[in-house]
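Contents: one structure, followed by commentary.
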Amino acid sequence: MAQSGKNRTLKPMHLLLVEDNPGDVLLLTEYLRFSFPEITLSQAATFAEVKAQLKSKKTKIDLVFLDLILPDHQGNALLEAVIQLVPRSVPVVILTGNSNESLGLQSLQSGAADYLNKNDMNPYVLKRCIMYALERKKSILRLEESHQWQTLLFEQSPLPMIVLSGKKQQIIHANTAALETYGYAKEAFLQLQLSDLVGVPDGSERETLHTVLDLIPKTEFNGIYIHRTRLGKVLYMGIKERSISYHHKSAKILVATNLGERLQYIEEIYLQNKKFKEIAWLQSHVVRAPLSRIMGLVTLLKDREHLSEKENHYFFESLLASAHEMDAILHEITEKSRFYPDF
């Protein structure tokens, strides 16, 4: 009674039992109801009945028990056909009277969640098999979902990403950004090694590379290199790399950042700062000279009644000349400030 009370806390399930032997059906039904009192069962004796029940979708199936020998379908082909019919979240457990473990292994490789030898079954083995199959299927679905997200992030990343294999660093996979950056079709790109992308710099390129190395923090990338596109265009690439497992083999993934745009941005900032310094110097030194003369002339002209006509004329001409000089300087500052759209 204690066992039954515990089982009633389990989530109710609906199982599909695919078995054409009435004796095995009766035995399995008794075992299942002992371990899961609230379980509901559907039964099919032929593949045709399986298809009819699964396609009707009247009842949600949580798990399928499948005998691999039915009157109208048998073996691995039967298993694959049933897996195609059930939702991806539903595990399929093989029932067999054959003790040959290679048959069970082949079933697992074809997508079965588990296999049970009918001769070894009892309520406790059956219960453990069901719980493990359900949890294993959930784990597989979580891993598949995670893999799908990783694939999506890889393919849609705006940064070039390249997967390398072996000592020769053969390119075995690349995302769209990498193909567009380097200018290759995918088939041609996968024929290359990393060394095919790395360029030998000439004098000016080496000088630019040294500038990049001085400007970019060394901790930001594993290395900064010159790469070349298919058409020979030079790319200054910051590389981050990481060891990964790709299709169950050791590999390395590279994430590349084109530093040319950043270098251009830094150069623009440098030019802007240079212009600002020139403007500041003009404002603090060049403007001061005519401004000082204007202020001095204005002071003298305050007492113009004591000045001769010739002196008054001279001072007014000097004042006008200083004003024109000031206007020219301000015009020069305005021209220099046009370098900045928002200045």
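As a summary of the residue check, Met237 satisfies the conditions (1) under 23 Å from the mean Cα position of the chain (by Cα); (2) assigned to a helix (DSSP H, G or I); (3) crowded, with 16+ Cβ neighbours inside 10 Å except for the one numbered (2).
Got at least one residue in region 175-185 being in contact (Cβ under 8 Å) with a residue 60 or more places away in the chain, in a loop (DSSP other than H, G, I, E, B) and open to solvent by less than 70 Å² (accessible area, probe 1.4 Å)?
Going residue by residue through region 175-185, those that are in contact (Cβ under 8 Å) with a residue 60 or more places away in the chain are 178, 181.
Going one step further and asking which of them are in a loop (DSSP other than H, G, I, E, B), we end up with none.
Among the residues of region 175-185, not one is in contact (Cβ under 8 Å) with a residue 60 or more places away in the chain, in a loop (DSSP other than H, G, I, E, B) and open to solvent by less than 70 Å² (accessible area, probe 1.4 Å), which makes the answer no.
Residues in region 61-80 that are assigned to a helix (DSSP H, G or I) and open to solvent by 20 Å² or more (accessible area, probe 1.4 Å): Gly75, Asn76, Ala77, Glu80. Does region 209-225 include one or more residues that are open to solvent by 60 Å² or more (accessible area, probe 1.4 Å) and in contact with a Phe, Trp or Tyr (Cβ under 7 Å, 6 or more places away or on another chain)? The answer is no; no qualifying residue exists. Screening Gly104 on (1) at pLDDT 85 or above; (2) surrounded by 15 or more Cβ atoms within 10 Å (Cβ to Cβ) shows it passes everything except condition (1).
When we screen Arg142, Arg88, Arg136 for residues that are among the basic types (Lys, Arg) and in contact with a helix residue (DSSP H, G or I) (Cβ under 8 Å, 6 or more places away or on another chain), the only hit is Arg88. State whether one or more residues within region 258-278 are open to solvent by 60 Å² or more (accessible area, probe 1.4 Å), over 30 Å from His147 (Cα atoms), at pLDDT 85 or above and not basic (Lys, Arg). No: zero hits.
In this structure, does Thr299 turn out to be assigned to a helix (DSSP H, G or I), at pLDDT 70 or above and not aliphatic (A, V, I, L, M)? Criteria met by Thr299.
Only residues that are under 16 Å from Lys233 (Cβ atoms) and aliphatic (A, V, I, L, M) were counted across region 170-191, and they come to 3. Residues that are at pLDDT below 90 and outside any helix (DSSP H, G or I) within region 1-39 comprise Met1, Arg8, Thr9, Leu10, Lys11, Pro12, Met13, Phe36, Pro37, Glu38, Ile39, listed in sequence order.
The values are calculated or read from the model by the stated rules, or taken from the named source; none is laboratory data. All values reported here derive from a predicted model rather than from experimental measurement. Ideal geometry is used to build each Cβ from the backbone, glycine not excepted, and the neighbour counts take in all protein chains shown. These area figures cover heavy atoms from the full protein model, side chains too; ligands, DNA and RNA do not enter into them. Shrake-Rupley method; radii C 1.70, N 1.55, O 1.52, S 1.80 Å.
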